[in-house]
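See structure below.
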Amino acid sequence: MSFAKIPKPDDLIAIQYEPPETPWMETPAVFRPGTWSYSGTAKSLTALGLPNPRSWQPPDEDWKLPENWKEIILEGMRERLEKYRSFKLFMDVCVRCGACADKCHFYIGSGDPRNMPVLRAELLRSVYRRYFTKSGKLFGRLAGARDLTVDVLKEWFYYFYQCTECRRCSAFCPFGIDQAEITMMGRELLNLVGCNINWVTEPAANCFRTGNHLGIQPGGIKDILDFFADDIEDRTGVRVEVPLNKKGAEILFVTPSGDYFADPGTYTCMGYMMLFHEIGLNYTFSTYASEGGNFGLFSSHEMIKRLNAKIYAEAKRLGVKWILGGECGHMWRVIQQYMDTMNGPADFLEEPVSPITGTRFENARSTKMVHIVEFTADLIRNGKLKIDPSRNDAQRVTFHDSCNPARAMGLFEEPRYIINHACNHFYEMAEDTIREKTLCCGGGAGLGNDENLEMRMRGGMPRAMAVKQVKEKHGVNRLACICAIDRATLPPLMDYWVPGVTVSGVHELLANALVMTGEKERTTDLRGEPLEGKAVDETL
Amino acid sequence: MGSMNLWISLITILILILSALGVAFSTLTFFLMAVLPYAAFTVFIVGFIYRVVQWAKAPVPFRITTTCGQQTSLPWIKNAPLESPSNIWGVIGRMALEVFLFRSLFRNTKVDILQKRPVYGSAKWLWFFSLLFHWSLLIIWLRHLRFFIEPIALWINGLSAVDGFFKIGVPTLYLSDAAILAGLTFLFLRRIVVPQLRYISLVTDYFALLLLLGIVTTGLLMRHFFPADLLQVKNLALGWVTFAPAAPKGVGKVFYIHLCFVFTLLTWFPMSKLMHMGGIFLSPTRNLANDNRMRRHLNPWNAPVKVHTYEEYEDEFRDKMKLAGLPVEKE
């Protein structure tokens, strides 16, 4: 990735937190290069049947909105205020105490006051007050209300696509106001008049048709997984099977497509395959449900449901007992908080039981989908895996809690348990930057595109700096995570702020350490890099 | 915008004071003493209930708990029942911590860029003074019940005795009075002094604090500097309760301002951000258990959507699937 067009780290870190002179309501959003994302193409909007497909870009003066755009937006707001208590309540109860302000990674990294969650929400609230509250209708500006204009719509677009829906602010808010919820509403409203970004709409369109965000067709998925099996054989001497669309498998395995498309996610995917082979799991991948991620989460609740429906449908068609899910952040937000409600009940599946340990996953008894780190932690706990952590000795590891597993699941201990068994050198980052206070990679919620690079580096800065601290203190050189978006966005973030730190999934680390039946002596890790100590051993 | 919003709220407060004094020197006292109390109280109660009902009527389609601690998963992993509750008892505990101790605000930190990196400093003052303010307000409100109940309930006297435990001055300075003054002053000053807060503050944000400060100040003035005839005040309050209000004599002009502020607060409350008092109980990120995968949450308006079925998928890719050696439903 080229950082040529954005400021150098030393310049970017000179952040000005003093707000500007002009009140925010009188300061139009400026679409500065490097801080916004390209618009959704007409092609992808048409494929999904979304309104107002056309050719336009955010910096354009004319956004080619439908003539009655204002009525559409206000009617959309009215409808959502009636359908979501969260939306109505969060419009009403904020006291502007400002506790959320410096919790947002985009505010910390940019100093732009409208990136304070409180103001990002006020962008919508001001319009809500003007059209839906008596005091706003009566007192206007005095009550914090303002008219909905094209400039306001553009401001919404700019700032709702500078929020990664990470929910960090909601952990600090005394009323639990969740900016992710407000951003989701804002984006839904923008979608009604055809204002969306291509990094969301194109993956969604791909996913709808081909089953995955990247648009990989069935043969492609087969080739990729076969290729992984070759690589695994090369590194370990063990040939793993590639079960795909297999009826009668006990478990359907669903993972984000990023895992079979791009490094370093691919090594994590190889890790899953090695683990499943070693424990003799009767499982299958699916080409139809070849995506656990769900970019519907970044456009509308309806789109979440449309894209998510495949998982249960495929589980039913293949006749599996339950579903296992790979390492992914927003995928797990959807599975944890939306899937069962939207597309359940999954009464055709069985309550998940590990076929290896007999452990009943009580916490997934309704949704019938288990997170792979829960599954693997249970295997380790029951002594079902032979692990040689010294094979990861070249890695001095820290762990990045991905936003959604952290603040929508509370999945903190399971990944740490695996890392602690698979690695000898594990170091936590500063307390204010991990677990429920974890900081976003800066590229979630559809913002991980190249045109938005400056904003990504700004938003990811707080995370990167926490890594830098453990790098300097403990020599950390590996950032582990359980999220495919992280695996795509953290490597450039590290290259920019903390060169020398690589990124991997937890199951890549596990697979490096996993002693497989019938394996040859391993001299390299999954990436083909020599194992530390091996060279020394040979000279002894 | 910040300073203008401050001035507007200050002017509004001044107008309220002048109106109160106007009433005090006019023949409208009966209106203030006998009509407004009922009107304000009715608006407050009806308005409050109306707002809460409006919120409660909106469904909670999804269980969107914000988890701030370890989930309940495998039995050997220690969960965090109050930060990530998996059952109703945990939720009650979590809500109690939020409502009584402002748990989430206690997490507050402050970011500074020091030596080219963000540093997260402790920032508990907001939590401390907010808590001080809210608890004092509750105690003061409870103490005021002495005016409305005859004979005065034992617990009210007990509360007052504890509140005035240190017996500073005559009459005794209540700790809650000092605390609320400190709390409100902190909240107000930080809104003026911190540039970011000035930037986000609306007229109503200043107004709420100034109005409460006005009520507290006039209350303190009456207790310590311009004593109001407490018997008269009590008779007035009892008159309201027994629906036989009578305008008192010799309660002092400050009392008029005090009352005027209180009635303004009651009337404005239901349409203001102060409704967070009711709203906090309804917040879906806090009052729902993190038991999503254990129990199915129902969405009352869950509607069918257009999906891409497996049949449609196979129809498009059948040849490619066969070519790749993948099983198909239809040959």
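Nothing in this text is a laboratory measurement; each read-out follows from the coordinates by a stated rule. Model, not experiment: these values are computed from the prediction. Because the Cβ atoms are built from the backbone with ideal geometry, glycine has one as well, and the counts that use them run over all protein chains shown.
Scoring A:GLY410 on the criteria (1) under 22 Å from A:TYR338 (Cβ atoms); (2) in contact with a strand residue (DSSP E or B) (Cβ under 9 Å, 6 or more places away or on another chain) leaves a single failure, condition (2).
If you go through the range A:100-154 and keep only what is in contact with a helix residue (DSSP H, G or I) (Cβ under 6 Å, 6 or more places away or on another chain), farther than 30 Å from B:PHE106 by Cα and in contact (Cβ under 8 Å) with a residue 40 or more places away in the chain, you end up with A:TYR131, A:ARG146, A:LEU148. Being within 14 Å of another protein chain (Cβ to nearest Cβ) and not in a helix (DSSP H, G or I) is a condition met by at least one residue of the range A:295-303.
Of these, B:ALA244, B:ALA289, B:ALA303, which one is away from every other protein chain (no Cβ under 14 Å), among the small types (Gly, Ala, Ser) and either part of a loop (DSSP other than H, G, I, E, B) or under 17 Å from B:ILE88 (Cα atoms) (or both)? From the options B:ALA244, B:ALA289, B:ALA303, the qualifying one is B:ALA244. Within the range A:155-183, being without any contact (Cβ under 8 Å) to a residue 40 or more places away in the chain and touching a Gly at 6+ places or on another chain (Cβ under 6 Å) holds for one residue alone: A:TRP156. Could you tell me whether A:LEU74 is surrounded by fewer than 22 Cβ atoms within 10 Å (Cβ to Cβ), part of a loop (DSSP other than H, G, I, E, B) and aliphatic (A, V, I, L, M)? When the stated conditions are applied, A:LEU74 does not pass them. Among the residues making up the range A:138-171, those that are within 14 Å of chain B (Cβ to nearest Cβ), within 30 Å of A:HIS400 (Cα to Cα) and not in a helix (DSSP H, G or I) are A:GLU165, A:CYS166, A:ARG167.
So which of B:ILE192, B:ILE168 ends up being touching a residue at least 60 places away in the same chain (Cβ under 8 Å) and either farther than 28 Å from B:LEU32 by Cα or within 14 Å of another protein chain (Cβ to nearest Cβ) (or both)? Give the derivation first.
Values: B:ILE168 fails: touching a residue at least 60 places away in the same chain (Cβ under 8 Å).
Among B:ILE192, B:ILE168, only B:ILE192 is touching a residue at least 60 places away in the same chain (Cβ under 8 Å) and either farther than 28 Å from B:LEU32 by Cα or within 14 Å of another protein chain (Cβ to nearest Cβ) (or both).
Just one residue in the set A:SER135, A:SER126 is within 7 Å of chain B (Cβ to nearest Cβ), not hydrophobic (A, V, I, L, M, F, W, C) and not in a loop (DSSP other than H, G, I, E, B); that residue is A:SER135. Search the range A:415-429 for residues being assigned to a helix (DSSP H, G or I) and without any contact (Cβ under 8 Å) to a residue 40 or more places away in the chain, and hand back the single one that is surrounded by the fewest Cβ atoms within 10 Å (Cβ to Cβ). Restricting to residues being assigned to a helix (DSSP H, G or I) and without any contact (Cβ under 8 Å) to a residue 40 or more places away in the chain, the top hit is A:ASN420.
With respect to the conditions (1) more than 11 Å from chain B (Cβ to nearest Cβ); (2) buried (at least 24 other Cβ atoms within 10 Å of the Cβ), A:ARG333 lacks only one, and its number is (1). The set of residues from the range B:306-331 being under 20 Å from A:PRO243 (Cα atoms), part of a loop (DSSP other than H, G, I, E, B), within 7 Å of chain A (Cβ to nearest Cβ) and aliphatic (A, V, I, L, M) comprises B:ALA324, B:LEU326.
The rows are residues; the columns are (1) in a loop (DSSP other than H, G, I, E, B); (2) among the acidic types (Asp, Glu).
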position: A:ASP263; (1), (2): yes, yes
position: A:TYR288; (1), (2): yes, no
position: A:ALA315; (1), (2): no, no
position: A:LEU324; (1), (2): no, no
position: A:VAL334; (1), (2): no, no
position: A:LEU349; (1), (2): yes, no
position: A:PRO355; (1), (2): yes, no
